[in-house]
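Derivation of every value follows stated rules applied to the coordinates shown; laboratory data play no part. Note that this is a predicted model, so its numbers are computed, not measured. Here the Cβ is made from the backbone with ideal geometry for all residues, glycine too, and neighbour counts use every protein chain on show.
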Amino acid sequence: MRLRHLNVHPLKSGAIRPVESIDVQPAGLRGDRTWMVVDRDSRLVSAREVHRLFHVVADTPETDPSVDCALRLRAPGLPDLLLEEPTGGPEPVRLFSLDLRAVPAGPDADAWIAAALGRDDVRLVWCDDPTRRTLQPGFSRPGEHAAFPDSMPVTVASMASLRQLDDWIVERALELGEEPPGPLPVERFRANLVVDGEEPFAEDRWSSLTIGGVRFRLTKPVGRCVMTTIDPRTLATAKEPIRTLARHRLVDGKTMFAAHLVPETTGRISIGDEVVAR
């Protein structure tokens, strides 16, 4: 089994940034989901409700070596915005049911994000200290932490599982007399790691992965939401893959695809690395 794709998301819900290699830290892939958009009540704003976030391209020196600042933001019709890590004190923010703290990026960043999203009630914040956030009890150990992912620091998806899902989607379409869609891009699932070389849904049985000498612990499957039904290019929505996942991968009322991971060691991983599952 090999690592086929490696993705970082510097801005939560922003455009996926593929990389050839990246450092793995206790909080996950270096720079992953460390910036976030919040509303005037300091609550998360994601692409679930504002699809245009998918078109905001956030790069760091890890995702683009030409970037010589902490963050570069790009969006259609706007000039690039270059940002350094903000230096103010952290303020309360809300990520779903979690009360966290983050540093405001400042008025220039807020104005840029507002223009990019077409809303005047949004702000940009940065996680200055991911160790403040502890992970979900029952699936984590003391001291494990992350910045702004929904749940765990890292996610892994399997191309074999995606091929099986594509087959199920075609079967369902034919049953309903619909035109079968083309294969679903793995990017719909916004996984950090994409592996290939195992049987479909073998990840349900894994307890750990070792990639390039870095060991990860599997914690639980990923419950998928409506974000997977949004085409990140056109921003159009459809019923798949949730419709088919609900038929074949429904567990406790949640549609499951991919798995959550926690790093147990640190190091650098690269596309093409051998992946050993246990």
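By per-residue mean of other Cβ atoms within 10 Å, what is the highest-first order of 73-85, 54-66?
Listed from highest to lowest mean packing, they are 54-66, 73-85.
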| remark: Neighbours of Thr155 by Cβ distance under 14 Å: Lys/Arg at +1, Asp/Glu at -1, summed charge +3
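For the chain, with only Lys/Arg (+1) and Asp/Glu (-1) charged at the beta-carbon, what is the dipole magnitude about the Cα centre, in debye rounded to 20?
Values: 36 positive and 41 negative charges, 133 e Å.
The calculated dipole for the chain is roughly 640 debye.
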| request: For the range 151-202, run through the GluC sites (Glu not before Pro) and keep only the ones in DSSP coil with at most 14 other Cβ atoms within 10 Å of their Cβ. | output: Glu178
| Among Arg217, Arg17, Arg40: highest mean-square fluctuation, GNM of the chain, C-alpha pairs under 10 Å | Arg40
| Reachable lysines from Lys254, Cα under 16 Å, same-chain residues fewer than 8 places away excluded? | Lys220, Lys239
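From Cα pairs below 8 angstrom and at least 6 apart in sequence, can you work out the relative contact order of the chain, rounded to a whole percent? Could you put the intermediate results ahead of the total?
Numbers: 628 pairs, mean separation 66.4, N = 278.
This gives 24 percent for the chain.
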| request: With springs connecting C-alpha atoms under 10 Å apart, model the chain as a Gaussian network and identify which of Ala259, Ala173, Ala105 has the largest mean-square fluctuation. | output: Ala173
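Where does the chain land at 222 nm, in deg cm²/dmol rounded to the nearest 500, when only DSSP H runs of n ≥ 4 count, each adding -39500 (n - 2.57), divided by all residues?
Numbers: 3 runs with 35 residues, N = 278.
Estimated from H runs of four or more residues: -4000 deg cm²/dmol.
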| said: Based only on Cα atoms, what mean projected area does the convex hull of the chain have, in nm²? | reply: 14.7
| task | Take each of the peptides 263-276, 116-129, 219-232, average the number of other beta-carbon atoms within 10 Å over its residues, and list them starting from the highest. | result | 116-129, 219-232, 263-276
| request: Subtracting the Cα-Cα distance from 0.36 nm times the residue separation, let me have the gained length for Ser270 to Asp41 in nm, one decimal. | output: 78.5 nm
